Structure formats: C-alpha cells, structure tokens
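Scroll down for the structure; my scribbles are underneath it.
The values are calculated or read from the model by the stated rules, or taken from the named source; none is laboratory data. Please read all numbers here as calculations on a predicted model, not as lab measurements. Here Cβ is always computed from backbone atoms with ideal geometry, including for glycine, and neighbour counts include all displayed protein chains. In case anyone asks, the SASA skips ligands and DNA or RNA and just uses the protein heavy atoms, side chains included. Shrake-Rupley method; radii C 1.70, N 1.55, O 1.52, S 1.80 Å.
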Amino acid sequence: MEYCDSRKVKWLGTVNRDDLSTSTKNTLGAISTIFEINPDASKGILDALHGIVPVEEIQDEDEELISLKQDILAKSQEFIKDKMLDLDWEEMQELVAGVLRAMDYKTIVSSKGPDRGRDILASPDGLGLSEPRIVVEVKHRKGQMGSPEIRSFTGGLRPGDKGLYVSTGGYSKEAKYEGERSNNPVTLVDADMLVSLIIQYYDNFDTDARSLIPLTKIYWPT
C-alpha cells in the first residue's frame, strides 16, 4: 500500500511516560492524531532518553527527604524523652551530672538525704573552688515547678554561684519570672531542653551516662 504523504523519521528510542515531567506529560495529552511538540517538551523527552531526571522530580524527592528527616528527628527526640522520663530520681540526677561532665565540668553528686538545694555541684576543678561554680537542683516529677520552689533555690545561692534548675515537669509562668529576676544567673531546664543537651553532647558522654540513655547514631544523606 502506498501513502500519498510521508516523512522520513529517525527513531531514537522509547521513553517511559513516568520518566517525563508533569508539564511534558500534559503537553503530550493532545487529542489530535498529529500535533507539534513544543521545544520544552522536546527537550524533556530527549533528556529522558539520556536518563536525565526532570528537575521538578529532584526537587520533589529532596522535599520528601527533608520532610522525612524532620519527622524522624521529631520522633527520635520524643523517644529519647520517653526513655529519660522512665528513669528514677537518682538516675535522673546522675544523667544531669553526666551532661555537665560532657560539657567539660567536674561534678560532685549529693548522696541521699537533705541536700539543702544542691543535688549537684559542678565546676572546672570539681571542688567548687574555681569559677564558674554551678549549683544544680534536679526535680523529676510530673507537676510544674512554681515560683516558691525557684525562689527558695535562688535564695540559697551564694555570691559567685550560678544556678541550674532542672525540672522534667516544666515551670509555671511565675517560676520563669522568678528565675529571670534572680540576683545570681539561673538557667531553668525542662525535659525538652534536657533532651537537646543530651543530643548535643552525647558524643562526649562517659560510660556511666551512656548506660542511662543508650543511643545509636544514624547517618543521613545531605
């Protein structure tokens, strides 16, 4: 059978439609039997023939990876917090001391009994003779700390002391204000901030601290 009109073509290969960008696929959706492909769509098809992934798909993949990474990070922080909150009070005290040691301080942890607001004493020399001298109080309970507890803590600080108050139950608005108005520098640490410190300094944790919160490092592509 002879055709009146014909055109010679050079067959370059076959392209999977799924390998094309959305805009190119939309262009190829014409209902006409014969239609002209615009230059952008032509380039997209040729790129697909040579294995070049459309830019938008790379961007979509990157956004998906970023979203997945953020989700995993958020979940990991919650898992660490759950593990931390399962510790008893003595273990929590040791964990806080471990974080301070990872920050290059030497610590003295108070034994059981009345501690007069000093669960941990941290300093460069470990004796409290060199500054900064950090007095630490640890409260491991569900309820928030109020202003009376913070006022009592700050009232026991001596000149030159720096206060660190750790409450896994958080703080009331009044308690935060009490810490801000203290004559001595005082930092209030809640459960979320403690988790952040654990993650930040975990590589420097000693064996005792690691045994309280065993963690595994996960590498993620950048």
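When shorter helices are ignored and each DSSP H run of at least 4 residues is given -39500 (n - 2.57), the per-residue value for the chain at 222 nm works out to -13500 deg cm²/dmol.
Quick one: of the DSSP bridges fully inside the chain, what percent are antiparallel, nearest 5?
Antiparallel bridges: around 35 percent, rounded to the nearest 5.
The structure shown yields Cα Rg over 2.2 N^0.38 Å, and of the options (1) 1.81; (2) 1.18; (3) 1.01 that calculated value carries the label (1). Loop exposure criterion: chymotrypsin sites (Phe, Trp or Tyr not before Pro), DSSP state outside H, G, I, E and B, at most 13 other Cβ atoms within 10 Å. Applied to the chain, the longest stretch between such sites is 36-218.
When only the heavy atoms of the protein chains count and the probe is 1.4 Å, how do LEU215, LEU129 rank by accessible area, highest first? All intermediate terms of the calculation are to be shown ahead of the outcome.
Details: LEU215 60, LEU129 135 Å².
Ranked list, largest accessible area first: LEU129, LEU215.
Once the chain from THR207 to LYS173 is taken as fully extended at 0.36 nm per residue, the excess over their C-alpha distance is 8.6 nm.
Surface composition of the chain: carbon plus sulfur atoms hold 52% of the accessible area, using a 1.4 angstrom probe and ignoring ligands, DNA and RNA.
For THR187, the residues whose amide H sits under 5 Å from its own are GLY163, LEU164, TYR165, ignoring neighbours fewer than 5 places away on the same chain, with H placed 1.01 Å from N.
A 1.4 Å probe run over the protein chains yields, for segment 156-207, 54 Å² of accessible area per residue, whole-number rounding.
Legend: residues ILE34, ILE72, ILE80, sorted from most to least accessible area (1.4 Å probe; ligands, DNA and RNA excluded), read ILE34, ILE72, ILE80.
Charge tally around GLU94: other residues with Cβ under 12 Å, Lys/Arg +1 each, Asp/Glu -1 each, net -4.
In this structure, SER182 and GLU63 have a Cβ-Cβ separation that, at R0 = 45 Å, corresponds to a calculated FRET efficiency of about 0.50.
A dipole drawn for segment 140-222 from +1 and -1 charges on Cβ atoms has a positive end, and of SER196, GLY160, ALA175 the residue lying farthest that way is ALA175.
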